[in-house]
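Read through the structure below, which is laid out as structure tokens, and then see the notes.
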Amino acid sequence: MVKLAIFGFCGKMGQRIFALAKNEKDLKVVLGIERKGHPQIGKIVDGIRVTDNLDEIKDCDCVIDFTIAEATMENLPYIVKHGKYAVIGTTGLNAAQQAKIKEAAEKTAIVFSPNMSVGVNLLFNLVAAAAATLKGYSVSIEEAHHIHKKDAPSGTAKRLAEIINEEGFGIKTEDVKAIREGEIVGDHRIVFESDVDRIELFHHAKTRDIFVKGAILAAKWVSTRKAGLYSMNEVLFNKK
């Protein structure tokens, strides 16, 4: 049984992780972590105690963090201090912050991905295959998310650009079209085009549960691994 703590427990993602985790026989949520000053601190929410004391993660096996960049950086030293397995799905992390996660992974096992969904990670692999095959094509990336999403382009779009650029393309961050509209969960479209044809790869997220299901899968997976930094590609497809 993997005992789980959720950072950002009272938020939308935290509550969906909690809800879906209840259906897992080999995983149990035992603690909710929230920011200092949150109105639920010290209360019992649906049987789970909510605290702002990060040292209390010592009593769990694994943590899931879908917060914001600043909060993740505050959480990271406690993850290392107590040697906890971790799944980090926070987006908007800069290069220095990502380097901190990599450094922490020298001490414990961490799954870190800009997108936890099974479908999107399959998309990463399809885009890699397309970029390797379609040399000489022009390529464009478009992503759309809800108006509350702070980072633009999305971490997923940036990762797509990295994958494509590994094959010699020159996509820059400013080349990615980012749309913030309504309550869109997440759309990503990649177009390869030549004079004779056009190939589109598209992923549409219907609900946030796709990220939650991936995170839960990753939590169970990482809790059997030695220290290191892992991606969802390794969780799902056993490859980097």
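A few notes on this one:
- Packing around the peptides 185-194, 81-90, taken as the average count of other Cβ atoms within 10 Å per residue, puts them in this order, highest first: 81-90, 185-194.
- Sequence-distant residues sharing a close amide H with residue 85 (under 5 Å, placed H): 63
- Efficiency of FRET between residue 22 and residue 125 - r from beta-carbon atoms, R0 51 angstrom, step 0.05: 0.95
- Under the shape rule built on the C-alpha gyration tensor, where the axes satisfy a ≥ b ≥ c, the range 137-220 is prolate, since a/c reaches at least 1.5 and a/b is greater than b/c.
- Label assignment, Cα extents along the principal axes in Å derived from the structure, set [x] 49, 41, 31; [y] 62, 39, 34; [z] 48, 40, 36: [y]
- Contact order for the chain, expressed relative to its length and based on alpha carbon pairs under 8 Å spaced 6+ residues apart, stands at 20 percent.
- The slack in the chain from residue 166 to residue 135, taken as 0.36 nm per residue of separation less the alpha-carbon distance, amounts to 10.0 nm.
- In the range 1-121, one over the average inverse separation of all distinct C-alpha pairs is 14.5 Å, which is the Kirkwood hydrodynamic radius.
- Remark: spin-label model distance residue 179-residue 106 equals 4.4 nm, labels positioned 7 Å along the Cα→Cβ axis.
- Two-site FRET efficiency, residue 200 against residue 227, from Cβ-Cβ distance with R₀ of 51 Å, rounded to 0.05: 0.80
- Of the DSSP H helices in the chain, those whose Cα atoms cover at least 20 Å axially and whose Kyte score averages 1.6 or more: 118-133
- Near residue 219, once Lys and Arg are set to +1 and Asp and Glu to -1 for all other residues with Cβ below 13 Å from its Cβ, the sum equals +2.
- Considering only beta bridges that DSSP places wholly inside the chain, some 40 percent are antiparallel.
- Under the criterion of Cα pairs below 8 Å and six or more residues apart, the relative contact order for the range 118-205 equals 38 percent.
- The dipole here belongs to the range 90-204: it is taken about the Cα centre, uses +1 on the Cβ of Lys and Arg and -1 on the Cβ of Asp and Glu, and is about 440 debye.
- For the listed residue pairs 3/149; 100/239; 158/213, the alpha carbons are over 26 angstrom apart in 3/149.
Quick note: the coordinates plus some simple rules give every number you see, no bench work behind them. From a predicted model like this one, the values you see are computed outputs, not experimental measurements. Methodologically, a virtual Cβ is constructed for each residue, glycine included, from the backbone with ideal geometry; neighbour enumeration extends over all protein chains shown.
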